[in-house]
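Only one structure is covered here, and it is reproduced in the block below.
The values are calculated or read from the model by the stated rules, or taken from the named source; none is laboratory data. Since this is a predicted model, take the numbers as computed values, not measurements. Neighbour counts run over all protein chains shown; Cβ positions are idealised from the backbone, glycine included.
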Amino acid sequence: MPVTKTDQSNFMAFLESPQDIEVAQGVIKGLNITNTEVIQGGVKDAIEAFAHGRSPQYLLVDISKSELPVSDLSRLLEVCEPGVSIVAIGIRNDVGLYRDLMGLGVVEYLVSPLFSEIVGRALKNMVFGESKNKGKGLQPKLGQIVAVIGSRGGVGSTFFATNFASILTREKSRRAVVVDLDLHFGTLSLYLNLKPNYGLRDALENPDRLDQVFIERLLTPVGDRFFILSSEEQLDEELKYKVEGVEVLLNYLSKMFHYVIVDVPHYLDGITRTVIRNASTMILLTDSSIGGLRDSGRLIRLFGVEGTGHRVILVMNKVGEAEKIELKSSDFEQALKHKVDHVIPYNSSITMECLNQGKLLGAEQSLLTDAIREIVDDLLGIPKPEEKKGGFINFFKKIKLK
């Protein structure tokens, strides 16, 4: 049955069998696990629930009626918040299935019908860490840190970061937060017509105070799964936060969100270098100028050698703004020895309308929205569909990028 979950529970169970539900409820009561909910259903019901609401920290989920249990659990992990701990319940006593589930990061796999002693041991392991077998499975995956940075000031990194996160959350059901680290001149809240939260500075200057509850009070919601962290400090006040504050903040956020998108200010100091060093992906936006070419190369070198889980996505933004004097993508690729991964066409009317009215790009089709949507798919590893005739191809031919 479909379930829509709006409030966050600490522990939830989705179980198919009434007998298993009775056993689980007895164990939960005996262990005094608080803020719990037990629902009759299975893994697909859990996916449906957490596609529209927050997932718990601990989850007991039944995969016995799933034809593709590994695939379904993988999908469940995609819609759950990072850091969720899962015990799976099934009817197959299969070593291969067990290994596959452990590979996904599942804490334990139990075979139905359930017995109180076995369930109790598994839940102690998951919730209280009392089992000697704790850590048998892989640790829950943390969210990815994505640094969005412009090669030059004014290339549109904040506009891109906000709409990138909007598509990621609205269309791909991921939880994402955008952090604006420019506490003096950042425009993230301004662009979205939201009041800045002045607690971000306190969080960065006093990392010892940080915990999940503190951070949740700082978050400004934009959508069901989309949040921002920004501030607007007085210009005559010196900021005293250090690298430790940023590292602790990013660590907590990566446990709460699938993607932590950091709008990196266009200056380099210990703080911004720390963000770039901790990012798994740097989305580097550049204009088509010689200055953009030079500084793109410098930032790529700063990010370091690319490899598995460490990648630069190079994006040429506002292409077509000054067509006759722009450098071409081939010029960038030849000079940087790095592929131009994506091109975003210039559209001043749509961009200015969004910025001046505090709007995000909608779901309607446009070259601008489609270009950002392709970058979202690229980050998620979704294969690019075959290019259709017209649309982008005609546009690229027009500006002579191919």
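Of all residues in the stretch 362-402, those satisfying the criterion of being modelled with pLDDT of 60 or more, over 22 Å from HIS258 (Cβ atoms) and of a type in the set (S, T, N, Q) are GLN365, SER366. Considering only residues that are closer than 23 Å to THR351 by Cα, out of contact with any Ser or Thr (no Cβ under 6 Å at 6 or more places or on another chain) and part of a loop (DSSP other than H, G, I, E, B), which ones fall in the stretch 185-222? If the condition is that a residue be closer than 23 Å to THR351 by Cα, out of contact with any Ser or Thr (no Cβ under 6 Å at 6 or more places or on another chain) and part of a loop (DSSP other than H, G, I, E, B), then PHE185, LEU192, ASN193, LYS195, VAL222 are the ones that fit. Within the stretch 59-76, being surrounded by fewer than 20 Cβ atoms within 10 Å (Cβ to Cβ) and of a type in the set (A, V, I, L, M, F, W, C) holds for LEU68, VAL70. Here ARG75 fulfils each of the conditions (1) among the charged types (D, E, K, R); (2) part of a helix (DSSP H, G or I); (3) modelled with pLDDT of 90 or more apart from (3). Tally up the residues in the stretch 298-353 that are assigned to a helix (DSSP H, G or I) and closer than 16 Å to GLY150 by Cβ, please. Here the count works out to 8.
For the stretch 148-157, the criterion of being in a helix (DSSP H, G or I) and crowded, with 17+ Cβ neighbours inside 10 Å is met by at least one residue.
Give me the residue from the stretch 28-53 that is part of a loop (DSSP other than H, G, I, E, B) and in contact with a strand residue (DSSP E or B) (Cβ under 6 Å, 6 or more places away or on another chain) and, out of that set, surrounded by the fewest Cβ atoms within 10 Å (Cβ to Cβ). Across the stretch 28-53, the extreme among qualifying residues is ILE33. With respect to the conditions (1) closer than 29 Å to ARG175 by Cα; (2) buried (at least 16 other Cβ atoms within 10 Å of the Cβ); (3) modelled with pLDDT under 95, LEU336 falls short on a single one, namely (1).
For the stretch 273-289: of the residues being in contact with a strand residue (DSSP E or B) (Cβ under 8 Å, 6 or more places away or on another chain) and assigned to a helix (DSSP H, G or I), which is farthest from LYS318 (Cα to Cα)? Going through the qualifying residues, I end up with ASN278. Exactly one residue out of TYR259, TYR267, TYR241 is under 30 Å from GLU333 (Cα atoms), modelled with pLDDT under 90 and either assigned by TED's automatic domain parsing to the domain that holds VAL84 or hydroxyl-bearing (Ser, Thr, Tyr) (or both), and it is TYR267.
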